[in-house]
Structure formats: structure tokens, C-alpha cells
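Asker: Encoded as C-alpha cells, here's the structure I'll be asking about.
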Amino acid sequence: MALINCPECGRQVSDKAAVCPHCGVTIAAKPRKSNRAPIIITAAVIALAIVAVGFYYYNNVESDNEMEAYENAMACNEPAIMENYLDMYADAPQAHRDSVMAHLAILRKGETDWSDALVNNSRMAFENYLRTYPNSIHNTEALLKIDSIDWTVAVKADNADAYQKYALAHPDGEHIDEANAKIEQKAKTALNDEEKLKVTNVLTAFFMALGANDEDDLTMTIDVVLNSFLHKAGATKMDVISYMHRIHKPEDISSITFRMNNDWKIEKIDLGTDDCSYAVDFSVDEKIERTDKSKETFCSYKVSAKVSAAGKITDLNMKKGVIE
């Protein structure tokens, strides 16, 4: 303890006294307690609060980012995005990481199955892939592959039913316009029973007249000028009659009979402007009655002919040989 002089009365008093015991004056020189400690404590508390708040918001932002990245990874079909999530969020909830890894494994298997489907290149393989992976990025390509396969099948069959089947299965297909055009074309060239009868009757009548050596009946079956008769272009009716007389000319021949084998293959050809013709392939047997048995008495022919819409033969060519 130290003594100091009272500023009022001048007497000595303790430096610890608040007032002079002699005159009652307040001792102005008394040391005051420092208030720095409370300030430091308050600042520290504020700083800790700021750090806590910052840490709270940082964790919230990180959590939000992780959740958004997780949802993106689960919603997409891109392996790179899933792998990026797993790399960036090593501390993500294990349930999230497990889900992404499972999704990635399925996607990788899907890529393997897609490669297998491409190698197999069958309708069944692509259909199985689509059923297994309904949301795959390869689904559009798989559908195009099926479209192409079905069109190839239709073209190979080349009939109205096949093209109609394609059109029903692929109303918006890559080849729908071609299919509809083919359907229309096949409708125009569809052969009905009346047309079949007209074609077979005129060709049968031709060979019956040829065997009977009957000029009138023969010329009734053929056009005025044939495009081709026995490979002669522009053949006239007289050319056909001359051929008939020539095969009957040998004196040892008593009769010639032709027998149709009913193996008709008839194709209707659309010539436009509501006109058509018929291309016909068939076979016919020739039996020759003759006195000289050392000569030919039987022969088979493959015949290719064309018949007009009016029912007249416009082309007729024959190839001698064994009928298969």
C-alpha cells in the first residue's frame, strides 16, 4: 500500500482509499479496474457464433449439393455422371453411394447386353433388350433395327400380306411409304379366279387346237402379231399356223395330243392406265401317235407365255426337256 497526498487538504491518505478520511473529498487519482477482459470475451463469443453459423450453412449447402448430385445420378443413364458423383462425394450417405453404385452396375450390364443384341441382330434379341431396359438410351436405335429387320422380311416375301403386316407393325416406320406403295401395287396386280380361268383357258385352247391341227381355233387364241413366238420377234398368225402344219407334216404321225400339267404360275402385270397383262409359266406334255415307233413319241415342254387383258396370247416360247 502506498501513501498519497489528498488533493484537497494535503494530508496523506492511502492510495486505496476512495475518499479522504480527513476532508471527505473523492480521491481522483484512484486507479480504475480494467474493462478489457469483458470486451475480449464478447468478441470471442461473437467470433465463435460466426464460425458456427458459417459451418452450419456450409454443411447445409454441401448437403443440398450432394442431394442434387445424387438425384441427377439416379435419374440419368450416363456412367460418367454416376462415376463423377462417387468421386466427388466420398463422404455421402452410404445409402446414396450404394444406390448409385447399383444403378451404375445395371447400366454397365445394359451396355453389355446391347452389344450382344447388336451381334445377334435378330428381332427377338432387340425385343428382349427393350423389355429389359425400357428407359435405355439405345431404345430408339433398337426400334430402328426392328423396323429394318421387318422390312427385309416383307421385301423377301414380296406379297401384299407381308407389306400389310409391316405397315401395321410400323405405322411411322422408315419404310412406311414404300410399304403403302407396294400394297397399292399388289392390289392392282392381285389375281382373281376369273382372271386365272381366262388365262388358263386360252392357253389350253391354243394347245388343243395345235394338237388338232385346227387353224380357226388356233388363230382365235392369239393376237394379230405376237411379240415373240418360239423366240421369233414380231411373229404373225401365219407364222404360228406354219409351225402347226410343220409338226403334223411327217406322214407316219397319226395324231398329236397335248396335256396340260396344271402347274400354272401366273403373274398379273400392271401396265398403267387400267391396263394389264399376264405372265405365265407352266409345263405341257406332248404325246405323238405314229407308225414309226423308233421316232419320238413323247416330249415335255416348259412354256413361258404372256396373255393380254383381252385374253389373247401375245408371247409364247417353249423349251424342250424333262419337267422337274
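The values are calculated or read from the model by the stated rules, or taken from the named source; none is laboratory data. Since this is a predicted model, take the numbers as computed values, not measurements. Glycine gets a Cβ as well: all are built from the backbone with ideal geometry, and neighbour counts include every protein chain shown. Accessible surface is based on the protein model in full, side chains and every heavy atom, while ligands, DNA and RNA are left aside. Shrake-Rupley method; radii C 1.70, N 1.55, O 1.52, S 1.80 Å.
Asker: Identify the residue in the range 293-324 that is touching a strand residue (DSSP E or B) at 6+ places or on another chain (Cβ under 9 Å), under 19 Å from residue 249 (Cβ atoms) and among the charged types (D, E, K, R) and, among all such residues, is least open to solvent (accessible area, probe 1.4 Å).
Answerer: 296
Asker: Here's a follow-up. Quick check on the range 87-97. Is at least one of its residues modelled with pLDDT under 80, out of contact with any helix residue (DSSP H, G or I) (no Cβ under 6 Å at 6 or more places or on another chain) and of a type in the set (A, V, I, L, M)?
Answerer: no
Condition check ((1) small (Gly, Ala, Ser); (2) modelled with pLDDT of 80 or more) across all residues:
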site: 2; (1), (2): yes, no
site: 9; (1), (2): no, yes
site: 16; (1), (2): no, no
site: 20; (1), (2): no, yes
site: 23; (1), (2): no, yes
site: 32; (1), (2): no, no
site: 37; (1), (2): yes, no
site: 40; (1), (2): no, no
site: 43; (1), (2): yes, no
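Asker: List pairs: first residue in the range 91-107 and open to solvent by 60 Å² or more (accessible area, probe 1.4 Å), second residue outside any helix (DSSP H, G or I) anywhere in the structure, Cβ distance under 9 angstrom, at least six positions apart or on different chains.
Answerer: 106/133
Asker: I've got another one for you. Tell me, which strands (runs of 3 or more DSSP E) wholly within the range 216-305 include 1 or more residues that are of a type in the set (Gly, Ala, Ser) and under 15 Å from residue 202 (Cα atoms)? Walk me through how you get there before you give the answer.
Answerer: On the way: elements: 225-229, 232-236, 253-260, 265-272, 275-290.
Qualifying strands (runs of 3 or more DSSP E): 275-290.
Asker: Let me ask you something else. Of the residues 285, 216, 274, which is open to solvent by less than 70 Å² (accessible area, probe 1.4 Å) and among the acidic types (Asp, Glu)?
Answerer: Values: 216 fails: open to solvent by less than 70 Å² (accessible area, probe 1.4 Å); 274 fails: open to solvent by less than 70 Å² (accessible area, probe 1.4 Å).
Going through 285, 216, 274 in turn, just one is open to solvent by less than 70 Å² (accessible area, probe 1.4 Å) and among the acidic types (Asp, Glu): 285.
Asker: Could you pull out the residue among 239, 315 that is within 47 Å of the chain's Cα centre (by Cα), more than 23 Å from residue 193 (Cβ to Cβ) and modelled with pLDDT of 95 or more?
Answerer: Going through 239, 315 in turn, just one is within 47 Å of the chain's Cα centre (by Cα), more than 23 Å from residue 193 (Cβ to Cβ) and modelled with pLDDT of 95 or more: 315.
Asker: Taking the options 224, 303, name whichever one is β-branched (Val, Ile, Thr) and farther than 30 Å from residue 159 by Cα. Break it down into steps so the answer makes sense when it comes.
Answerer: Values: 303 fails: farther than 30 Å from residue 159 by Cα.
Of 224, 303, the one residue that is β-branched (Val, Ile, Thr) and farther than 30 Å from residue 159 by Cα is 224.
Asker: Please verify whether the range 253-266 includes one or more residues that are at pLDDT below 95, among the hydrophobic types (A, V, I, L, M, F, W, C) and either within 25 Å of residue 158 (Cα to Cα) or open to solvent by 50 Å² or more (accessible area, probe 1.4 Å) (or both).
Answerer: no
Asker: What are the residues in the range 67-80 that are open to solvent by less than 80 Å² (accessible area, probe 1.4 Å) and over 22 Å from residue 145 (Cα atoms), if any?
Answerer: First, pick out the residues of the range 67-80 that are open to solvent by less than 80 Å² (accessible area, probe 1.4 Å): 67, 69-70, 73-74, 76-77, 79-80.
Of everything in the range 67-80, those that are open to solvent by less than 80 Å² (accessible area, probe 1.4 Å) and over 22 Å from residue 145 (Cα atoms) turn out to be 67, 69, 70, 73, 74, 76, 79, 80.
A quick yes/no check of all residues on (1) of a type in the set (Ser, Thr, Tyr); (2) more than 21 Å from residue 311 (Cβ to Cβ):
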| site | (1), (2) |
| --- | --- |
| 254 | yes, yes |
| 258 | no, no |
| 265 | no, no |
| 270 | no, no |
| 277 | yes, no |
| 287 | no, yes |
| 300 | yes, yes |
